[in-house]
Each structure stands twice: as structure tokens, then as C-alpha cells.
Amino acid sequence: MKLIFIRHGDPNYEKDCLTEKGRREAEALAKRVAGWDVTAVYRSPLGRAQETASYSLKALRKEAVTLEWLKEFAIPVVDPDLGEKYVPWDFLPAYWTAEPKFYDKDHWFEAPVLQTAKTDIKAYYDEVCENLDNLLSEYGYLRTNGYYQVTKHPEKEDILVFFCHLGLSYVCLSHLLGISPSVLWQSFFSAPTSVTILGSEERVRDKAGFRCQVLGDTRHLADAGIEISMAGYFADVFQQ
């Protein structure tokens, strides 16, 4: 099985849609996606992800299933440096690296700043992970003590594509790979329309784990001569 997470294009967050550049990115992405033998496409209900997916769906001649739990993991917390409500990532390095709980896959949500959220951030994280596991179970992958029991072996490998968001996709990677989501949120960047691919490995019959093959690939932008967008990054992005 392949799980492909695609971040939406360059966003206008205020209007929850794509910028003109974001639409050009989505067009370039669609040319890449058109050659994939996709089993199913899922997308976030938010406008910027819906719009990004629309270009690829047209190229694939497929419909997508909109899943509420694929919306951005944007539970606001009180930023320790700014004193303002903010998404639970992009903290300054001197702050988050000094808190050991951020690194702990079983206790990351106990970090003091994450306790300032009005929503139970761990409960919401668990809800996303449960929904992901329920979806994978439909394809014969049953979560068992951190790995997956495989109950179906289709002739053709299933390829599931998710059009969603940076923060949400890292929640899914956290669950599938056994890594604290805070480490992913603070330390990794996936540019708009970037492609992240996880593949299952079944080295023992009927027992599978997922491994990240590609994270944040933007080759379609280079092929189209489009610069990588910086949305969610705080320095120059390497363009070559």
C-alpha cells in the first residue's frame, strides 16, 4: 500500500482558497498526478485543499471523498514568545528544544504550552489517528500494537491520495511512524503542493509497517519552472 499526502497549494488563508501562484502550482501538480494509478482520493473540507485537489481529480477523471478529520490540525495554544493564540507549532528553537516532553511520542501533549489549548489536544489527535486507522482497515490494514495486521492482499497495490495540510499530514505521519508530532511540526517543512509518500512493508507475512519514502517532494514545480512557496517557512527555500 502507498499513502500519498499532498499539501494544498500556495494559500490565501484569509479567504481559504489558493492564490494565483497556488493555482499554477496545482496545475503543475495535476500533470504529475495524472500518471498515477490511484485507488482512491480523499480531501480536507477546507477550501484551499478542495481547490488544489480539483485540478488533479480532473486529470485523473476521479471523484474524491471529503473527510472532515482531514482539515488542518489548527488547535490554538498561547504562544510562549508572542503571548498570542497560535497553531501548536513554529515555536522558537530556544523554547521548544528546552522542553523534553516535545520529543516524547507518548507524552508530547503534556508540554505546558499545549495545555493552554481550550480543546483537549491529545483527544483530538487520537480522534484523527482513529479515523485514519478506520480508513486503513477498509483496505485490510488493522492496527495492532503499533504495526498493521494485513487481512487483504489485492492483486494491484492500493494507492490512497490525501489532499490536506502540513500540520494534519504530520499528525498522520506521527501515528504511522511512531514519532512525536511536535518533532515533525517543529523540525520539518513540506511546501505547498509537495508530495509525501509512505509505503507499507510486509517483510513478515500479514504484518506490515509504514516507512517514509519521500517527504515534501516538489519536482513538479521545478519541472514547470515555478518557485517553491515559503508558506510555513521562515527562511529562503532552496530552489534547485
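The values are calculated or read from the model by the stated rules, or taken from the named source; none is laboratory data. In this text the structure is predicted, and so the values were computed from the model without any measurement. Cβ coordinates were reconstructed from backbone atoms using ideal geometry, including for glycine residues, and neighbour counts include every protein chain displayed. Surface areas here come from the heavy atoms of the whole protein model, side chains and all, with no ligands, DNA or RNA. Shrake-Rupley method; radii C 1.70, N 1.55, O 1.52, S 1.80 Å.
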| query | What is the residue count in the stretch 55-71 for residues that are assigned to a helix (DSSP H, G or I) and over 26 Å from residue 146 (Cα atoms)? | reply | 6
| task | Identify all residues within the stretch 109-120 that are part of a loop (DSSP other than H, G, I, E, B) and in contact with a strand residue (DSSP E or B) (Cβ under 8 Å, 6 or more places away or on another chain); write none if there are none. | result | 117
| query | Here are some residues: 112, 76. Which one is open to solvent by 20 Å² or more (accessible area, probe 1.4 Å) and under 19 Å from the mean Cα position of the chain (by Cα)? | reply | 76
| said: Show the residue pairs meeting these rules: Cβ distance below 8 Å; 6+ apart or different chains; first residue within the stretch 72-96 and closer than 22 Å to residue 164 by Cβ and in a strand (DSSP E or B); second residue among the basic types (Lys, Arg) and open to solvent by 60 Å² or more (accessible area, probe 1.4 Å). | reply: 77/85
| From the residues in the stretch 46-73 that are surrounded by 14 or more Cβ atoms within 10 Å (Cβ to Cβ) and of a type in the set (D, E, K, R), which one is nearest to residue 28 (Cα to Cα)? | 51
| Inside the stretch 58-71, can you point out the residues that are touching a Phe, Trp or Tyr at 6+ places or on another chain (Cβ under 9 Å) and either farther than 21 Å from residue 131 by Cβ or β-branched (Val, Ile, Thr) (or both)? | 60, 65, 66
